[in-house]
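Asker: Dropping the structure in here first, questions after.
The values are calculated or read from the model by the stated rules, or taken from the named source; none is laboratory data. Everything quoted here is computed from the prediction, not taken from an experiment. Cβ placement follows ideal geometry from the backbone for every residue including glycine, while neighbour counts extend to all protein chains displayed.
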């Protein structure tokens, strides 16, 4: 479980926020109305899904191993916000983006929401119990 936790924390704290910013800039710059999805828009949500899957796996294994603070507040919000972040990642770069009426700014605004969720999740995970 140590290796999974290390990968999850490094990817979640350092790599994922950077990828969100890069994806937001890239998708805003290359935005065209009615264009097919770019490779960035197809791969990015999968990376978020992998992070959430790792987190849920670690969380379930921790519960079975008796890690009690995994079920205490505020840490119980960590997996919930992770699942919400995965949903936002899919909507942010998908065809049914609720902010699509913003045009070029739609991916930027959507991924800004995702960045807030991820940074909030980092803060929750780092909160001492």
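Asker: Hey, residue 107 hits all of (1) more than 23 Å from residue 26 (Cβ to Cβ); (2) crowded, with 16+ Cβ neighbours inside 10 Å but one; which does it fall short on?
Answerer: Of the numbered conditions (1) more than 23 Å from residue 26 (Cβ to Cβ); (2) crowded, with 16+ Cβ neighbours inside 10 Å, the odd one out for residue 107 is (1).
Asker: Related question: Does segment 43-73 hold any residues that are closer than 18 Å to residue 87 by Cα, touching a residue at least 40 places away in the same chain (Cβ under 8 Å) and surrounded by fewer than 18 Cβ atoms within 10 Å (Cβ to Cβ), and which are they? I'd like the intermediate steps shown before the answer.
Answerer: Pass one, segment 43-73, residues closer than 18 Å to residue 87 by Cα: 43-57.
If we keep only those that are touching a residue at least 40 places away in the same chain (Cβ under 8 Å) as well, we get 44-45, 48-49, 51, 54-55, 57.
Those that are closer than 18 Å to residue 87 by Cα, touching a residue at least 40 places away in the same chain (Cβ under 8 Å) and surrounded by fewer than 18 Cβ atoms within 10 Å (Cβ to Cβ): 49, 57.
Asker: Please specify each residue of segment 15-42 satisfying the condition of being touching a helix residue (DSSP H, G or I) at 6+ places or on another chain (Cβ under 9 Å), farther than 11 Å from residue 111 by Cβ and at pLDDT 95 or above.
Answerer: Result: 15, 16.
Asker: Residue 81 fails exactly one of the following numbered conditions: (1) surrounded by 12 or more Cβ atoms within 10 Å (Cβ to Cβ); (2) modelled with pLDDT under 95. What is the number of that condition?
Answerer: Here residue 81 clears every test but (2).
Asker: Residue 106: in contact with a helix residue (DSSP H, G or I) (Cβ under 9 Å, 6 or more places away or on another chain) and either closer than 24 Å to residue 10 by Cα or free of Cβ contacts under 8 Å to residues at least 12 places away in the same chain (or both), yes or no?
Answerer: Values: in contact with a helix residue (DSSP H, G or I) (Cβ under 9 Å, 6 or more places away or on another chain): yes; either closer than 24 Å to residue 10 by Cα or free of Cβ contacts under 8 Å to residues at least 12 places away in the same chain (or both): no.
For residue 106, the condition - in contact with a helix residue (DSSP H, G or I) (Cβ under 9 Å, 6 or more places away or on another chain) and either closer than 24 Å to residue 10 by Cα or free of Cβ contacts under 8 Å to residues at least 12 places away in the same chain (or both) - is not met.
Asker: Something else about it: Please give the number of the condition residue 65 fails out of (1) under 21 Å from residue 14 (Cα atoms); (2) out of contact with any helix residue (DSSP H, G or I) (no Cβ under 9 Å at 6 or more places or on another chain).
Answerer: Failing condition for residue 65: (1).
Asker: May I pose another question? Quick check on segment 114-124. Is at least one of its residues in contact (Cβ under 8 Å) with a residue 24 or more places away in the chain, more than 12 Å from the chain's Cα centre (by Cα) and surrounded by fewer than 16 Cβ atoms within 10 Å (Cβ to Cβ)? Spell out how you get there, then give the answer.
Answerer: In the first step, residues of segment 114-124 are kept if they are in contact (Cβ under 8 Å) with a residue 24 or more places away in the chain; the result is 114-115, 117-122, 124.
Still in the running and more than 12 Å from the chain's Cα centre (by Cα): 124.
Pick out the ones that are also surrounded by fewer than 16 Cβ atoms within 10 Å (Cβ to Cβ) and you get none.
Looking for residues that are in contact (Cβ under 8 Å) with a residue 24 or more places away in the chain, more than 12 Å from the chain's Cα centre (by Cα) and surrounded by fewer than 16 Cβ atoms within 10 Å (Cβ to Cβ), one finds none in segment 114-124, hence no.
Asker: Taking segment 1-41 only, how many residues are surrounded by 15 or more Cβ atoms within 10 Å (Cβ to Cβ), without any contact (Cβ under 8 Å) to a residue 40 or more places away in the chain and under 14 Å from the mean Cα position of the chain (by Cα)?
Answerer: Adding up the residues that qualify gives 1.
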